[in-house]
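Read the structure below first, then the notes.
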Amino acid sequence: MNQELYQKYVEILKSELVPALGCTEPIALAYAAAVARKELGQFPEKVEVLCSGNIIKNVKGVKVPNSGGMKGVEAAVILGIVGGKADRELEVLQSISEEDREKTRQLFKEGYCECKLKEGTANLYIEVRVWASGEEAAVRIEHAHTNITRIEHNQKVVYENEEKFTAHELDKSCLNIKDITAFANEVKIADVKDVLMRQIEYNYAISEEGLQNTWGAQIGKIIREEEGDQLKWKMISRAAAGSDARMSGCSLPVIINAGSGNQGMTCSLPVVEYAKEKRKTEEELLRALCVSNLIAQDQKRYIGALSAYCGVVCAAAGAGAAITYLCGGDEEQIENTVINTIANIGGMVCDGAKPSCAAKISSALQSAILGHEMAMRGIRFEAGDGIVMENAEDTVKAVGYMGKNGMKQTDVEILNLMIGKTKLS
C-alpha cells in the first residue's frame, strides 16, 4: 500500500470515529442552535428551525440526551439554546443542568420554537434562525452533522464554507475492500491505537449500561437473558444493548461511524466481544476494527449520511467482515461476507431513530454472522441473485445506488406516515 493511500485511511478513521452524546440528529440540532445563540450574542426571543425530512424522521421518536426524556426537534433546539456549549460540537449537551431542563420544558410549552419542513434540499439539512432586540442570526448545517456551511448576522454572511464537506468526501473515494484488508494487515498500530481504543472504551461502557439497566425496549437484555452465553448472541446483545441505552436518552457518549452512534456500536461491539471470547490479542482486535469501520464507510459513501436505507446493515456487514478477518479468512472470504450480508438484509428501511433500532441491529448482525459462516465455507450469493453483482465492490455500489436513488420515494412516504401527512383509510 502506498504511503498516500495509507495516510488517507488513517485520516478517515480519525475524522469519523469521534465522540457524540446521544443520537446525532438531535445533537446536530442542538449544536446549530447553540452556535446561533452565540452568534446572536444574547438569549433569543424567538426561534425557527427548518429541517430536511430525514432530520425530522430521525428526531421524532428518540429522546434528546440529558433532556430528562424530552423528544423532538423543538426540544433539541431549545435545550441547545438554553444550555448548549457551542464549542463542544457533538458533545454540546454534556453539561446540561436541571435548571436548563426546567427552562427548556417551560419554553417548549410556550411554543417558543417553530419547526418547518425544508423541502428540495440535502437529506441532512438544518437551519436555525434566532431573533432578539432587533438582531437576527442564522446557522446552517448540511451533509454532515457538524458541517456548518453558513452563518449569518442581520442577514449578512459572516461565515461560509461550501467546500468543506465535498473535500472530505473525496478522500473516501479511495475506499475499497481489497485496500482496506491490506491496510489492516500493514497498519502501524501506533497510528490508530488511540482512536480505536477510545471506540472500545466508550462503546463498551454504554453497552454495559444497556445490559445492566432497563433502557428502551431492552432488546439487548432480552437476548442475553433468553439466549444465554452462546457467542453469537453475546455479540448481538452487546451491540443491541448499547442502542437500547443511546436511543432512550442515556447520557454516556459513544464513538460514531458515518455520523451514527448505532452504526459505530454495530461496527465495533460484536468484534470486541468476539475477540474477547476467542482470546485474540489487542493488536489483532485493533486490526479487525480497521476492517469493520472502513468497510462500513465504504458502503455509506455511496448511500450518504441519511437515507431510507438502514445504515446498521452497512455497519453489520463491516462487523461480519472483521470477524472473518479475525478467523483468518482471506480477502475473498472477507468480500463474500459483505456480499452475503447485504444480499440478505439490504432491504431493511430506516424509519427514524427510536428504541426499535436496537432490534434492527439484532436482525442485521444475525445476517452478518450467517454471511460470515457462509463465506468461511466457501459459499456466497452469486451475481444475478437479486442485486448481487460480479464482485463485492460492485455489489456495494449497487446497494448504494438503491439506497440513495431508488429509495428516495420510500423516504418521502415514510416521513409522510410519521408526521401524519398520509392518512390511512
Item to check | Close pairs (6 angstrom Cβ cut-off, 6 or more residues apart or separate chains): open to solvent by 10 Å² or more (accessible area, probe 1.4 Å) in region 328-341, of a type in the set (Ser, Thr, Tyr) anywhere | outcome: Glu331/Thr181; Gln333/Thr324
Checklist entry - What tally of residues in region 121-139 results from selecting those that are open to solvent by 50 Å² or more (accessible area, probe 1.4 Å) and either closer than 24 Å to Ala258 by Cβ or basic (Lys, Arg) (or both)? => result 1
Checklist outcome for this item: Filtering region 324-349 down to residues that are modelled with pLDDT under 95, more than 16 Å from the chain's Cα centre (by Cα) and β-branched (Val, Ile, Thr) yields Ile342, Ile345
Next on the checklist: Here is a check on your reading of the model: is Tyr325 open to solvent by less than 30 Å² (accessible area, probe 1.4 Å), aromatic (Phe, Trp, Tyr) and touching a residue at least 24 places away in the same chain (Cβ under 8 Å)?
Outcome noted: no
Checklist outcome for this item: Of (1) part of a loop (DSSP other than H, G, I, E, B); (2) at pLDDT below 95; (3) open to solvent by 10 Å² or more (accessible area, probe 1.4 Å), Gly352 satisfies every one except (3)
Next on the checklist: So, in region 258-284, exactly how many residues are in a helix (DSSP H, G or I) and either open to solvent by less than 10 Å² (accessible area, probe 1.4 Å) or free of Cβ contacts under 8 Å to residues at least 60 places away in the same chain (or both)?
Outcome noted: 17
Checklist outcome for this item: Counting only residues in region 147-156 that are over 27 Å from the mean Cα position of the chain (by Cα) and part of a strand (DSSP E or B), the one surrounded by the most Cβ atoms within 10 Å (Cβ to Cβ) is identified as Glu152
Checklist outcome for this item: By residue number, the members of region 2-57 that are more than 18 Å from the chain's Cα centre (by Cα), of a type in the set (S, T, N, Q) and part of a helix (DSSP H, G or I) are Gln3, Gln7
Next on the checklist: So Ser15 passes all but one of these: (1) open to solvent by 10 Å² or more (accessible area, probe 1.4 Å); (2) modelled with pLDDT of 95 or more; (3) of a type in the set (Ser, Thr, Tyr). Which condition number does it fail?
Outcome noted: (2)
Checklist entry - Which ones in region 76-87 are in contact (Cβ under 8 Å) with a residue 40 or more places away in the chain and either in a helix (DSSP H, G or I) or under 19 Å from the mean Cα position of the chain (by Cα) (or both)? => result Ala76, Val77, Ile78, Leu79, Gly80, Ile81, Ala86
Next on the checklist: On the basis of being of a type outside the set (A, V, I, L, M, F, W, C) and open to solvent by less than 10 Å² (accessible area, probe 1.4 Å), does Gly304 make the cut?
Outcome noted: no
Item to check | Hits in region 184-199 (condition: in a helix (DSSP H, G or I) and out of contact with any Lys or Arg (no Cβ under 6 Å at 6 or more places or on another chain)) | outcome: Asn185, Glu186, Ile189, Ala190, Asp191, Val192, Lys193, Asp194, Leu196, Met197, Arg198, Gln199
Next on the checklist: Among the numbered criteria (1) open to solvent by 40 Å² or more (accessible area, probe 1.4 Å); (2) in contact with a Ser or Thr (Cβ under 7 Å, 6 or more places away or on another chain); (3) modelled with pLDDT of 95 or more, which one does Glu162 miss?
Outcome noted: (3)
Checklist entry - Within region 406-417, which residues are farther than 14 Å from Cys310 by Cα, open to solvent by 50 Å² or more (accessible area, probe 1.4 Å) and of a type outside the set (Asp, Glu)? => result Gln409, Val412, Leu417
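For (1) at pLDDT below 95; (2) not in a helix (DSSP H, G or I), each residue gets a yes or a no:
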{"position": "Glu127", "(1), (2)": "no, yes"}
{"position": "Val158", "(1), (2)": "yes, yes"}
{"position": "Ala182", "(1), (2)": "no, no"}
{"position": "Glu201", "(1), (2)": "no, no"}
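The values are calculated or read from the model by the stated rules, or taken from the named source; none is laboratory data. For clarity, every value in this text was computed on a predicted model and none was experimentally measured. We place every Cβ from the backbone using ideal geometry, glycine too, and count neighbours over all the protein chains shown. These area figures cover heavy atoms from the full protein model, side chains too; ligands, DNA and RNA do not enter into them. Shrake-Rupley method; radii C 1.70, N 1.55, O 1.52, S 1.80 Å.
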